[in-house]
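**Q** Mind looking over this structure? Questions follow.
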Amino acid sequence: MQYVDTLSKFGTKLEGYNQRVKFTHLQTRYRVRFFGMSCHPYNGNKTGSANITMDMTEFNPPKGSFTDQTIQNVNGEIHYPGEWKWSEIQFKVYNSYDNVNYWELLTQIQAQRDLSEQNTGTVPDNYKFVSSFEHVDGHQNAMSYWILEGCYLREASPDQGGKNGDHSPTTIGCTMVFDNASLYDYDGTLITGNGCRSSYLKEILAT
């Protein structure tokens, strides 16, 4: 009986490398966590975002792009990268019957509103928070993760609701803005920083 090496029939051939097809990250295997979110005197300055993590239904990983700059000359245009800008992140959570997810989101928004109304030159509390987006395996182990710094919520809007004959679950659509994002490998190696090791996530988890 002759056997066919099936794996050799897939992928792109490249001289000097074994031809193979790698297993990819799955869109359903992810975890989003927030550190320092929903800290407000109303709830004893406790971080109250665990329910949002567990009820997350959709989250867009960080994306950014350079603004295009051009120099005009007699032969045409020369292009070069200008300012780097991160795009805002859209995510959705289920609007549970106990309203706990909406409560946590509005607690964060209330903290941001309170700080924006300060009459003094100093801000007593930091309303921004840190987020992590993790690609996980089947055992919920992080295979890689993004760390997003300087996050705040721009909005948290529930579905309209009230549709006759529509029994689908309602969600809360959110927009989050952040200052910077870094991508780490499973062992803490900073992928976006030329392989430098970092324990930033461990430091956050320890607080």
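**Q** Report, by residue number, each residue of the stretch 141-168 that is farther than 30 Å from residue 127 by Cβ and not in a strand (DSSP E or B). Quick ask: steps written out before the conclusion?
**A** Going residue by residue through the stretch 141-168, those that are farther than 30 Å from residue 127 by Cβ are 141, 143, 162-168.
Listed by number, the residues that qualify are 141, 162, 163, 164, 165, 166, 167, 168.
**Q** What pairs come out if I take residues in the stretch 150-177 that are at positive phi and of a type in the set (Gly, Ala, Ser) and pair them with residues that are surrounded by 10 or more Cβ atoms within 10 Å (Cβ to Cβ) and in a loop (DSSP other than H, G, I, E, B) whose C-beta lies under 7 Å away, six or more apart or interchain?
**A** 150/128; 150/178; 150/179; 161/170
**Q** What pairs come up if the first residue lies in the stretch 105-129 and is of a type in the set (S, T, N, Q), the second is modelled with pLDDT under 65 and surrounded by 11 or more Cβ atoms within 10 Å (Cβ to Cβ), and their beta carbons are under 6 Å apart, counting only those six or more places apart or on different chains?
**A** From residues that are of a type in the set (S, T, N, Q), the pairs are 107/40.
Here's the yes/no breakdown for (1) within 30 Å of residue 25 (Cβ to Cβ); (2) polar (S, T, N, Q); (3) modelled with pLDDT under 90; (4) in a strand (DSSP E or B):
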position	(1), (2), (3), (4)
39	no, no, yes, no
58	yes, no, no, yes
85	yes, no, no, yes
115	no, no, yes, no
131	yes, yes, no, yes
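**Q** Go through (1) modelled with pLDDT of 90 or more; (2) touching a Pro at 6+ places or on another chain (Cβ under 7 Å) and name the single condition residue 93 misses.
**A** Here residue 93 meets the rest and fails (2).
**Q** On to the next question. Restricting to the stretch 133-170, what's the tally of residues that are touching a Lys or Arg at 6+ places or on another chain (Cβ under 9 Å) and either under 18 Å from residue 185 (Cα atoms) or at pLDDT below 90 (or both)?
**A** Keep residues of the stretch 133-170 that are touching a Lys or Arg at 6+ places or on another chain (Cβ under 9 Å), which gives 133-138, 140, 142-143, 145, 149-152.
Checking which are either under 18 Å from residue 185 (Cα atoms) or at pLDDT below 90 (or both) leaves us with 133-138, 140, 142-143, 145, 149.
Final tally of qualifying residues: 11.
The values are calculated or read from the model by the stated rules, or taken from the named source; none is laboratory data. Given the structure is predicted, the values throughout are model-derived calculations rather than measurements. Cβ: placed from backbone, ideal geometry, glycine included. Neighbour counts: every protein chain shown.
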